[in-house]
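The values are calculated or read from the model by the stated rules, or taken from the named source; none is laboratory data. Small disclaimer: the values here were computed from a predicted structure and weren't measured. Here the Cβ is made from the backbone with ideal geometry for all residues, glycine too, and neighbour counts use every protein chain on show. Quick note on the areas: whole protein, heavy atoms, side chains included, nothing else; ligands and nucleic acids left out. Shrake-Rupley method; radii C 1.70, N 1.55, O 1.52, S 1.80 Å.
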Amino acid sequence: MGFLNPWVALAIAGAVIPALLILYFLKLRRKQQVVPSTLLWRRAVRDMQVNAPFQRLRKNLLLLLQLLVLGAALLALARPVVKSDLADEKSLILLIDRSGSMNALEDGRPRLDLAKEQAIGIVRSLNRTGAGWFDFGGVQDLTRAMVIAFSDRATIVSPFTTNTGELPGLIEKITPTDSSTNLREAMDLADAYMAQTRVEQRPGQNEQASKVVLISDGAVSDLENLTLRAAAMEWIRIGGAQDNVGITAMRVERNYERPDEVSVFVGVQNFGPEPVRLDLSLYVGQTPAELRLGGVQALELGPKPRRRSTDVGGQEDAGDAASTAMATFDLLLPRAAVVEARLSRDDALALDNRAFAVVPPPRKLRILLVSRRNFFIESVLAGLPLERVDYWTPEQFESKPESELAAGGRSLYDVVVLDKHDTARLPEGNYFFIGSTPKVADVERAGELQTHTVMWWDETHPILRHVAMEHVIAARGLVAKLPPQTEIIAEGPQGPVLARYGRDGRQYLLLTFAIEDTQWWSRPGFPIFFYNAIRYLGGGAVAERGSLRPGEPVRVPLPPQARTATVRRPDGGAVTITPDASGAGLFSGTTAVGFYEVEPPLAGHERFAINAEDPAESDIAPPQEIRVGAVPVQQGQALRTSTPEVWRWFIGAALAIALIEWYIYNRRVMI
């Protein structure tokens, strides 16, 4: 604790306290009065017999109480402040977490409110200098503070400033999101501003790195990949609640043989320390306003697995029952619909208790084959129950106008089959690459492979249903380097030969060898495989459309005549978007989970759904420590008050003591 005006209090104390003591040293000046006897006045007679004007100071409870009242009032005049350890820093950067896990409740208050309270307390303790009558400290160096709020994206709330009095109002305006946590962008912003600060330093000024203060619950998944390059870091831990059950996955698929039938798969996980029982309900309707109960399943989940050791690589103890469960609902939906899954249990985090999906109507598929004529593939496509099949050469595919390939940024075809043709022309849609790969950042050709066989395949996968691959031998093929989240369906001697990968509204199925380079085309399983792949990709658009995450931008196809459109958010807010040259509008305000409505809509694109589905955000239990890379981050002490000046406490104490003194005095007078 420090004082802003100590000299003022000391000056007043030097004048008032001696005066109070003198009043108790002085004798009372008594009036002479004739009395019949001095028996009852002996003490007064003794006082009169002493000529000195002062008396010896006796023990006096009232004097003690009056000194305490005076001391409390003087401390209040000195303007005491609760100073954090950060008040002496020359440069300070506050990183405030506002991701989905910060919506968890702590005693009825969201964690984000607690984080903002801590940040306000810190900035109010900065640059607290006295301006009293006696200021011998000279000009003091002021702390420069910067505030950054982050979730999946980082936002500068305030750049570096010494005018910290404005920061509490700006911090109060920070709003929550349902997005995931991406600390890297916030750290990059902090590093950039720290580098700029060093460039702007005056000659001869001592260089001192900024201190970074992370105010978060610690649910940051990318900490291991970060590097703290230019500053010390401190973590203020927010929250302590652990009880949470969340929906971590939701997928909707139409049946291949019976398109009117829809299967809804919902994954649920318990992140709390205790086993739970709950109901998972599924609601179905034509619109979100018409949702009706479509089914209920009872689930029993075990506690979150505990590590047997405190090391990062410690093994997990699964406990008596699994903490995860997958529920399946089978529905009959002959037309477009929306579905919503709900958990019946209230816990600390509400945003992952619901999940949403939009189900397009059933229809036959439109296929585009990009090839230099392939008899085997064309023969299979000719025998499938498809609405339409178009044939383009690779040159035509690259040169055709955009209007013939896509509308609103999305492919006009349900599936595009690319036979031995690598391309980067990939509007949103579903792609089947045969002996080729997409030209995207996270897919790379790593070489070629000569004669090889399929060594393993997932015979339970829908694409390989009723398909045998034990006799498939490829004369040549390519080796593909794929991202970690790729679904491997079949493997060869040097990696996957059949894999599925989805990202940014695009779904890729990769077969690493050409059909004519194998004898597979002569086997009965090949047309079955091709039929399964086409139906899976065509129906997979449902799943990909329902897997958008908070914070992800969405390209919204709009009617050709629309100049503007309105996207209505789940919270009732509305955002106006305008179409670009492709006829689609870009909407980036997906900060909350739920259904988003488009007005006016393009047929089949009336709405889209945003889901949390992030286990890292649903696991709300704050860790005991966090590390940036391999370096542990020092944990700071949370402030107990957001108001650093505590003179009100001393005024209250002075009033309370004065009340006690008044009571004792009146008791004596009455006696």
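Going by the conditions given, is VAL268 touching a Lys or Arg at 6+ places or on another chain (Cβ under 7 Å), open to solvent by less than 40 Å² (accessible area, probe 1.4 Å) and at pLDDT 85 or above? Lay out the reasoning, then the answer.
Numbers: touching a Lys or Arg at 6+ places or on another chain (Cβ under 7 Å): no; open to solvent by less than 40 Å² (accessible area, probe 1.4 Å): yes; at pLDDT 85 or above: yes.
It is false that VAL268 is touching a Lys or Arg at 6+ places or on another chain (Cβ under 7 Å), open to solvent by less than 40 Å² (accessible area, probe 1.4 Å) and at pLDDT 85 or above.
Just to be sure I understand, how many residues within region 350-381 are in a loop (DSSP other than H, G, I, E, B), within 20 Å of HIS605 (Cβ to Cβ) and open to solvent by less than 40 Å² (accessible area, probe 1.4 Å)?
Restricting attention to region 350-381, the residues satisfying the condition of being in a loop (DSSP other than H, G, I, E, B) are 350, 360-365, 371-374.
From what's left, within 20 Å of HIS605 (Cβ to Cβ): 360-365.
From what's left, open to solvent by less than 40 Å² (accessible area, probe 1.4 Å): 360, 362, 365.
Matching residues across region 350-381 total 3.
Is it the case that some residue within region 531-539 is under 24 Å from LEU509 (Cα atoms), touching a helix residue (DSSP H, G or I) at 6+ places or on another chain (Cβ under 6 Å), modelled with pLDDT of 85 or more and among the hydrophobic types (A, V, I, L, M, F, W, C)?
yes
I'm trying to understand the selection: among the residues of region 465-479, which are at pLDDT below 90, open to solvent by less than 20 Å² (accessible area, probe 1.4 Å) and not β-branched (Val, Ile, Thr)?
The one that is at pLDDT below 90, open to solvent by less than 20 Å² (accessible area, probe 1.4 Å) and not β-branched (Val, Ile, Thr): MET469.
List every residue pair whose Cβ atoms sit under 8 Å apart, with the two residues 6 or more apart in sequence or on different chains, where the first one lies in region 273-288 and is touching a residue at least 12 places away in the same chain (Cβ under 8 Å) and under 16 Å from VAL252 (Cα atoms) and the second, anywhere, is surrounded by 13 or more Cβ atoms within 10 Å (Cβ to Cβ) and of a type in the set (Phe, Trp, Tyr).
That search, which allows pairs on different chains as well, returns LEU282/PHE329.
How about region 357-380: which of its residues are touching a helix residue (DSSP H, G or I) at 6+ places or on another chain (Cβ under 8 Å) and under 30 Å from ALA341 (Cβ atoms)?
Listed by number, the residues that qualify are ALA357, VAL358, VAL359, PRO360, LEU365.
Take the residues in region 312-335 that are open to solvent by 100 Å² or more (accessible area, probe 1.4 Å) and assigned to a loop (DSSP other than H, G, I, E, B); name whichever of them is modelled with the lowest pLDDT.
Taking region 312-335 as the starting set, the residues that turn out to be open to solvent by 100 Å² or more (accessible area, probe 1.4 Å) are 312, 315-316, 320, 326, 330, 332, 335.
Next cut, assigned to a loop (DSSP other than H, G, I, E, B) only: 312, 315, 320, 335.
Working: VAL312: 39, GLN315: 45, ASP320: 45, ARG335: 90.
The residue in question is VAL312.
For the subset of region 115-144 comprising residues that are within 22 Å of MET187 (Cβ to Cβ) and modelled with pLDDT of 90 or more, which member is nearest to the chain's Cα centre (by Cα)?
ALA115
Do you know which of the residues in region 382-441 that are among the β-branched types (Val, Ile, Thr) and in a strand (DSSP E or B) is farthest from PHE513 (Cα to Cα)?
First, pick out the residues of region 382-441 that are among the β-branched types (Val, Ile, Thr): 389, 393, 415-417, 423, 434, 437, 440.
From what's left, in a strand (DSSP E or B): 389, 415-417, 423, 434.
Details: VAL389: 23, VAL415: 19, VAL416: 17, VAL417: 14, THR423: 16, ILE434: 6 Å.
The extreme case among them is VAL389.
Surrounded by fewer than 19 Cβ atoms within 10 Å (Cβ to Cβ), of a type outside the set (Asp, Glu), at pLDDT 75 or above and farther than 30 Å from LEU61 by Cα: is that true of VAL575 in this structure?
Working: surrounded by fewer than 19 Cβ atoms within 10 Å (Cβ to Cβ): yes; of a type outside the set (Asp, Glu): yes; at pLDDT 75 or above: yes; farther than 30 Å from LEU61 by Cα: yes.
Judged against the criteria, VAL575 is a match.
In region 256-267, which residue that is in contact (Cβ under 8 Å) with a residue 40 or more places away in the chain and either of a type in the set (Lys, Arg) or touching a strand residue (DSSP E or B) at 6+ places or on another chain (Cβ under 8 Å) (or both) is farthest from LYS304 (Cα to Cα)? Let's see the steps before the verdict.
Taking region 256-267 and keeping what is in contact (Cβ under 8 Å) with a residue 40 or more places away in the chain, we get 256, 259-267.
Within this subset, residues satisfying the condition of being either of a type in the set (Lys, Arg) or touching a strand residue (DSSP E or B) at 6+ places or on another chain (Cβ under 8 Å) (or both) are 260-267.
Working: ASP260: 38, GLU261: 35, VAL262: 31, SER263: 28, VAL264: 25, PHE265: 21, VAL266: 18, GLY267: 15 Å.
Per the stated criteria, the residue is ASP260.
Output the number of residues of region 208-239 satisfying the condition of being at pLDDT 90 or above and open to solvent by 40 Å² or more (accessible area, probe 1.4 Å).
The qualifying residues number 1.
Report, by residue number, each residue of region 271-303 that is aromatic (Phe, Trp, Tyr) and either open to solvent by 30 Å² or more (accessible area, probe 1.4 Å) or closer than 21 Å to ARG607 by Cβ (or both). Walk me through it before giving the result.
In the first step, residues of region 271-303 are kept if they are aromatic (Phe, Trp, Tyr); the result is 271, 283.
TYR283, the sole residue that qualifies.
Report every pair of residues separated by at least 6 positions or lying on different chains whose Cβ atoms are under 8 Å apart, first residue within region 631-642 and of a type in the set (S, T, N, Q), second at pLDDT below 85 and surrounded by 13 or more Cβ atoms within 10 Å (Cβ to Cβ).
These pairs meet every condition: GLN634/ALA232; GLN637/SER84; THR641/VAL82; SER642/ARG124.
Has region 478-491 got at least one residue that is closer than 25 Å to PRO553 by Cα and touching a residue at least 60 places away in the same chain (Cβ under 8 Å)? Let's see the steps before the verdict.
Looking only at region 478-491, we keep the residues that are closer than 25 Å to PRO553 by Cα, and these are 482-487.
In the following step, the residues that additionally are touching a residue at least 60 places away in the same chain (Cβ under 8 Å) were identified as none.
Within region 478-491 (the criterion being closer than 25 Å to PRO553 by Cα and touching a residue at least 60 places away in the same chain (Cβ under 8 Å)), the answer is no, since none of the residues qualifies.
When you look at ALA565, is it buried (at least 17 other Cβ atoms within 10 Å of the Cβ) and under 28 Å from SER379 (Cβ atoms), yes or no?
Values: buried (at least 17 other Cβ atoms within 10 Å of the Cβ): yes; under 28 Å from SER379 (Cβ atoms): no.
It is false that ALA565 is buried (at least 17 other Cβ atoms within 10 Å of the Cβ) and under 28 Å from SER379 (Cβ atoms).
PRO462 - would you say it is more than 16 Å from PHE526 (Cβ to Cβ), modelled with pLDDT under 90 and not small (Gly, Ala, Ser)?
On the way: more than 16 Å from PHE526 (Cβ to Cβ): yes; modelled with pLDDT under 90: yes; not small (Gly, Ala, Ser): yes.
So PRO462 fits the description; yes.
On the basis of being under 30 Å from ARG258 (Cβ atoms), open to solvent by 60 Å² or more (accessible area, probe 1.4 Å) and not aromatic (Phe, Trp, Tyr), does ILE528 make the cut? Can you show your working first?
On the way: under 30 Å from ARG258 (Cβ atoms): yes; open to solvent by 60 Å² or more (accessible area, probe 1.4 Å): yes; not aromatic (Phe, Trp, Tyr): yes.
Taking the combined requirement at face value, the residue satisfies it.
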